[in-house]
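Bear in mind that the values in this text are calculations on the coordinates, not laboratory data. Since we're looking at a predicted model, the values are computed, not measured. A quick note on method: Cβ atoms are made from the backbone with ideal geometry, for glycine too, and the neighbour counts reach across all protein chains shown.
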Amino acid sequence: MFKKIILAVLLAAPLTLCAQSAAKFAHFDYAAVAQAMPEYKTAMTELEALGQKYQSELEGMQKELQTKYEKYQKEVTEETPENIRTRRQQEIQEMGERLEQARQDNQQAFEQARVKKTQPIMQKIADAVNAIAKEGNYVYVFDQSAAANSNLFINETLSEDVTKKVMAKLGISATAAPAPAAK
C-alpha cells in the first residue's frame, strides 16, 4: 500500500510541474490605460479646476490676513489701549485659525472629490483586467507601473503585455494611449 502511494506521488509530480510551467503571466500599463480613457481626462481636468479654485480661495484669505496684520503693525503702538490691542491680536489669530481650517477642509474636500471621480475609473479598469485574465487563462496580471514602484520585477519576455487587450475591452483605441514611459 505504501509503495502504491509513493508511486502515485512520483507519477503525479511531473504532471504538477508541467501544470506549473504552463502558468501564464501578463502585465499591462495601468497609467497608459487610464490616461487614454476620456472619463479619466475629464476627471483630471475637473480636479485640476477644483484644486485651482481652492488654491485661489486660500490665497485670498492669506492676502486678507497679511493685510490685516500689516495694518495692525502700522496702527497699534505702545499708546494703543490694551483692550484694543488685545482685540486686534485676537482678530488676527482667529483669521489665521480660519485660514488653517479652510486649508484642512479644502484638502479633505479635494480628496473626497478625487476618490469620487477616480473610483469608478479604477473599477472599470479592474473589471477589464479581470475579464482579460479569465479569457486568457492568466494566473497573474501585473500592473507594470506598480511593479516598478515596488520590489516586484517582471520579465517581460516571459509575460504577455495585455495593455492593448485591456484598452480594447474598455473600448479605447490603442492609438489614444500616450507613449509608454522610457525604461
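Can you give the extra length, in nm with one decimal, that the chain gains between Q62 and E94 once fully stretched, where that is 0.36 nm per residue apart less the Cα-Cα distance?
10.3 nm
Quick one: if you stick a label point 7 Å off each Cα along the C-beta vector at Q112 and D161, how many nm between them?
Computed distance between label sites Q112 and D161 equals 4.2 nm.
If you wrap region 79-152's Cα atoms in a convex hull and average its projection over all directions, what's the area in nm²?
Convex hull of Cα atoms, orientation-averaged projection: 8.9 nm².
State, to one decimal in nm², a quarter of the convex hull surface area for the C-alpha atoms of region 18-90, i.e. the direction-averaged projected area.
Average of the hull's projected areas for region 18-90 equals 10.7 nm².
What full-extension length gain, to one decimal in nm, is calculated for D105 and Y140 as 0.36 nm per residue of separation minus the Cα-Cα distance?
8.6 nm
Write down the Å³ per residue value for the convex hull defined by the alpha carbon atoms of region 39-183.
175 Å³
Using amide H atoms built 1.01 Å from N in the peptide plane, name the residues 5+ places from H27, or on other chains, whose amide H lies under 5 Å from its own.
HN-HN under 5 Å from H27: F142, E160, D161, V162.
Under Stokes-Einstein, with the Kirkwood radius over Cα pairs standing in for Rh, what whole-number D in µm²/s applies to region 131-172 at 20 °C and 1.002 mPa s?
For these conditions, the coefficient is 190 µm²/s.
Note the full-extension length gain between V76 and A126 as 0.36 nm times their separation in residues minus their Cα-Cα distance, in nm to one decimal.
Difference between extended and current length: 11.8 nm.
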